[in-house]
Amino acid sequence: MFYVYVLKSKKDGEFYIGSTNDLRRRFKEHNDGKVFSTKSHIPFEIIYYEAYKKEEDARRRESNLKLRSRAFAQLKKRIGASSKT
């Protein structure tokens, strides 16, 4: 399985969108400061994820959420309070 995930920084409330084939490992890497783009925002919580059978589908969804602010805004609206806590 391949996953698209949304993390929220407990430090400053910033969001990070990513994809991986091992969600637990990747989440640990983020919180251990091993990911350059997120290490200044740790700790994180996972607020949302989607699972895909094919990597290309997960990558396409990740790209869509990152490049189209409307897509991400709709996702935040759909998950409601989870994106605000």
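Before moving on, here are some points about what is shown:
- Within straight-line reach of residue 54, meaning a Cα separation under 20 Å, sit the following aspartates and glutamates at least 8 residues removed in sequence or on another chain: 22, 62.
- Here the chain is treated with +1 on each Lys and Arg Cβ and -1 on each Asp and Glu Cβ, and its dipole about the Cα centre works out to around 240 debye.
- Rel. contact order, % - alpha carbon contacts under 8 angstrom, at least six apart, the chain: 34
- Net +/- balance of residues flanking residue 81 in space, Cβ distance below 14 Å, scoring K and R +1, D and E -1: +4
- Projected onto planes of every orientation and averaged, the convex hull of the alpha-carbon atoms in the chain covers 5.2 nm².
- Think of the chain as having a plus end and a minus end, set by charges on the Cβ of Lys, Arg, Asp and Glu; of 21, 72, 2, 72 sits farthest toward the positive end of this dipole.
- Shown here for the chain: trypsin sites (Lys or Arg not before Pro) in loop regions (DSSP other than H, G, I, E, B) with at most 10 other Cβ atoms within 10 Å, namely 53, 54, 84.
Taken together, the values in this text are just the output of simple stated rules run on the coordinates, not laboratory data. Predicted model only: the values in this text are computed from it and were never measured. No Cβ is skipped: glycine too gets one built from the backbone with ideal geometry, and neighbour counts run over all protein chains shown.
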